[in-house]
Structures are given as structure tokens and as C-alpha cells.
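Data first, discussion second: the structure below is written as C-alpha cells.
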Amino acid sequence: MEKKPIHEIISNVFRAIPLAMGAVVLAAAFLAGRYGWRRGGFRACQSAGITSVEVGEKDIHITGFYPGSFPEGFCGYYAEERDGRLYVGFRFSAVFGFFETGDFDISIPVKGTIDEVVLKTRMNETTIWNAQSGALPQSERYGVYVKLERKDVYSVSMSYDGSGGGMSCADGSALGSGDYIFMDNDIMIASKEAGAPVPFTITVKDAAGTAVASGEFWFDANVEKMYLAVTEDGRIMEDKDYEE
């Protein structure tokens, strides 16, 4: 086998150096975009749409999505535990929007008892869970809301694609009327994953378990929130004019 002249070998090596350096630079940029932002702490964090918060003894489970219209991929979270509060912020990137969605499902380990979970960015702090109510503020809940205008309702259930959830009073009394009830359901995520509106059914029952109102609707993730009112005469109407 004929050996290449030493000057040709050296020339090939020097030609390969820029390519190798370019690959290193791209890899460094990718890693910096994915992980380097954490050096900025909450100053580098963005807001997020929160769909659920579950607080356990050893970790906090949070699901959500990127709330903007232009797709950005989920990069990760930054969290700090202070005096019974867990502060958490999220980061998204348009670059990673080509590789993955902005949806996230994370578990954050904690050391002590958590009484409050706070969504934190450089500018804002928003409580998304607290031990007293265990509920998200309405501004951070995405999905279907139901308001009762009749007083003989004992349960409201929602079902779609084999899944569902519902609400009733633990003491067996009638549900209160007049305020919107958030149906704690994953229909927002289902619609986002389908990339299209998802059909669902609302069923309202009285004390005897008899359906006094029922209706089929379509939930679109692009709308984010849907408000339905159960009228006194047993109809379920969408309230498109409702404002929080």
C-alpha cells in the first residue's frame, strides 16, 4: 500500500480542524441552550400554562405546556425550596420547538413539607397551589368550567375518549349554584396531543342519580378555557361572553 506524503497528511488534518471546531461549537451551543440557562436562575425563567399540581411528601408533580402561539420546546425547570414554599420556573426555546413540544410532565424532589407552590419568573410570582385550598388560581387553570343555575344538582361529570372526572359534595348535599366549577380534567392535554378539538360529554344528575341535563361539546386547546352554564330548564349552554 502506497503511503501518503507527510505534507498531504498534515494538510488533511488542518482541513479537518475547522469542521471539528464547528461541531464542538454547535454542541456547546446546544448544551448551553438546553442547560446553561439555569445559571440565570429565575431571571431566565418564563411563565407556563399549568394543568395540574400534585403535592406529595417527597416530590411535587406538575404538568403543563408552553402558553404561546409559536411552538417552543420545553428545556427544563429551575426550582428552589424556601420556608415551606417551592418556587419553580420554566424555560422554553424556539430552537427546541423543532425537536419536541412545549408540554411537560415533571416531578420535583423536596426535602420538607410544602405549604405553597409558586410559579416564579424574573418579573412575577403566582401561587399555583396552596395547602389550604389545594387549588390553582382560575387564571392558571385550562380546560372546561361548568356553572349551575339550578339548585337540585348533586353531581356533575365529564367524560371523553374513555376518560373522565366529576364533582360532588362529600357530605351528599347539593352543589352550590351561581359560580363556575373547574372540571379537573386532562382534556386540554388531550386536545393538544390530538392537534384538534376533542369531543366530550357533560352529565348533570340530581339526588336520585337521574340525569337532569346532558350535552355533547368539542374542546379546542387553542381556546384554552370553555365555560358552560346549566340552565334551570335543563339545557347546557356555552357562555362565550364570560370574562374572569
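The values are calculated or read from the model by the stated rules, or taken from the named source; none is laboratory data. These numbers were taken from a predicted model, which means no experiment stands behind them. Quick reminder, even Gly has a Cβ in these numbers, built from the backbone with ideal geometry, and neighbours come from all protein chains shown. Heavy atoms of the whole protein, side chains included, go into the accessibility calculation; ligands, DNA and RNA do not. Shrake-Rupley method; radii C 1.70, N 1.55, O 1.52, S 1.80 Å.
Scanning segment 191-228 for residues that are under 19 Å from the mean Cα position of the chain (by Cα) and in a loop (DSSP other than H, G, I, E, B), we see that the one that is nearest to Ala48 (Cα to Cα) is Glu224.
Which one is most open to solvent (accessible area, probe 1.4 Å), of the residues in segment 229-244 that are in a strand (DSSP E or B) and of a type in the set (Val, Ile, Thr)? Restricting to residues being in a strand (DSSP E or B) and of a type in the set (Val, Ile, Thr), the top hit is Ile236.
The single residue among Glu80, Glu116, Glu57 that is modelled with pLDDT under 90, over 28 Å from Asp220 (Cα atoms) and touching a Leu at 6+ places or on another chain (Cβ under 8 Å) turns out to be Glu116. Applying the condition of being open to solvent by 40 Å² or more (accessible area, probe 1.4 Å) and within 13 Å of the chain's Cα centre (by Cα) to segment 61-76 and asking which residue is modelled with the highest pLDDT yields His61. For the condition of a type in the set (A, V, I, L, M, F, W, C), surrounded by 11 or more Cβ atoms within 10 Å (Cβ to Cβ) and modelled with pLDDT under 80, Ala32 qualifies.
Just one residue in the set Glu216, Glu193, Glu238 is among the charged types (D, E, K, R) and under 12 Å from Ser159 (Cα atoms); that residue is Glu216. Restricting attention to segment 141-157, which residues are touching an Asp or Glu at 6+ places or on another chain (Cβ under 9 Å) and modelled with pLDDT of 75 or more? Correct list: Tyr142, Gly143, Tyr145, Lys147, Leu148, Glu149, Arg150, Lys151, Asp152, Val153, Tyr154, Ser155. Answer yes or no: is there a residue in segment 196-212 that is open to solvent by less than 40 Å² (accessible area, probe 1.4 Å), touching a strand residue (DSSP E or B) at 6+ places or on another chain (Cβ under 8 Å) and at pLDDT below 85. No, segment 196-212 contains no residue that is open to solvent by less than 40 Å² (accessible area, probe 1.4 Å), touching a strand residue (DSSP E or B) at 6+ places or on another chain (Cβ under 8 Å) and at pLDDT below 85. Go through the residues of segment 119-126 one by one and say whether even a single one is within 23 Å of Gly49 (Cα to Cα), β-branched (Val, Ile, Thr), in a strand (DSSP E or B) and at pLDDT below 80. Yes - at least one qualifying residue is present in segment 119-126.
Against the definition (within 30 Å of Ala208 (Cα to Cα), out of contact with any strand residue (DSSP E or B) (no Cβ under 9 Å at 6 or more places or on another chain) and modelled with pLDDT under 80), how does Ser133 come out, yes or no? Yes; evaluated as a whole, the condition is true for this residue. Sub-8 Å Cβ pairs linking a first residue in segment 103-115 that is farther than 10 Å from Lys58 by Cα to a second residue that is at pLDDT below 90 and part of a loop (DSSP other than H, G, I, E, B), at least 6 apart or interchain, are Asp103/Tyr66; Phe104/Ala48; Asp115/Ala131, ordered by first then second residue.
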